[in-house]
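Asks: What follows is a structure written as structure tokens; I'll ask about it next.
None of the figures in this text is laboratory data; all of them are computed from the coordinates on show. For clarity, every value in this text was computed on a predicted model and none was experimentally measured. Every residue, glycine among them, receives a Cβ derived from its backbone with ideal geometry; neighbour counts consider all protein chains shown.
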Amino acid sequence: MSDQPYPFLSAMADTRRRARRHIADRAVADADAADRDVVLWLLNESLATELLCVLRYRHHYFMASGSLAQSIKDEFLKHSQEEQRHADQLAQRIVQLGGTPNFDGRGPADHGDSQYDEGDSLADMVEEDLIAERIAIENYREIIQYIGEKDTTTRRLFESILAVEEHHAEELASMRQALLHKQRMASS
């Protein structure tokens, strides 16, 4: 008979043995079930995507002009700051897993999931950001599904980032609709 009242919990001796075995591995105990190289690659690809989004949102913030631009500029800046926080979180997780975050300045567009399309008009800028957010959402959902229960810390990180990206997409879709409506009204 086990002295453990709950069968889903590990016995303390087993937990202690695993902790000693993994003491040199830093914060990677739950990542052992996942393929660490794949998880690090996914994290670095996502880092590149987030960095690209930071740059695109910043560019749009500085380039947006016109009578409708100020409130949208404020959102571009806010989104840029949130994407930078995501990049920082991803980099931190990469280090926790014993990897090296890739901040290669030669071009995150070469290894991220997003593209750096600037857009000419305010509506184009919003549309490009919305497309990038939808790409990130789809990719993060696939990553979350792949990771599943194999690395709960990384999965939760992606889930928290996904929630913000979905909020960004909703805001951008609303902005886009409002801009298209104002354009139709102006041309009538």
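Asks: Between MET63 and GLN81, with labels modelled 7 Å along Cα→Cβ, what's the label distance in nm to one decimal, could you check?
Replies: Placing both labels 7 Å beyond Cα along the Cβ direction yields 2.3 nm.
Asks: Determine the sum of side-chain charges near PRO101: Lys and Arg each +1, Asp and Glu each -1, restricted to other residues whose C-beta is under 13 angstrom from that of PRO101.
Replies: -3
Asks: Give me the number: length gained by fully extending SER71 to VAL95, i.e. 0.36 nm times residue separation minus the C-alpha to C-alpha distance, one decimal in nm.
Replies: The span from SER71 to VAL95 would gain 5.0 nm if fully extended.
Asks: Reachable lysines from LYS182, Cα under 20 Å, same-chain residues fewer than 8 places away excluded?
Replies: Filter leaves LYS73.
Asks: While we're on this one: Please give the contour-minus-distance gain from ARG18 to LEU180: 0.36 nm per residue of separation, less the Cα-Cα distance, rounded to one decimal in nm.
Replies: 52.5 nm
Asks: At a 10 angstrom cut-off on C-beta neighbours, averaged per residue, how do the peptides 149-160, 176-187, 79-90, 43-54 rank from highest to lowest?
Replies: Going by the mean number of other Cβ atoms within 10 Å, highest first, we get 43-54, 79-90, 149-160, 176-187.
Asks: Just to be sure I understand the model, the point goes 7 Å from the Cα along the line to the Cβ. What's the resulting SER121 to THR153 distance in nm?
Replies: So the two model labels end up 4.8 nm from each other.
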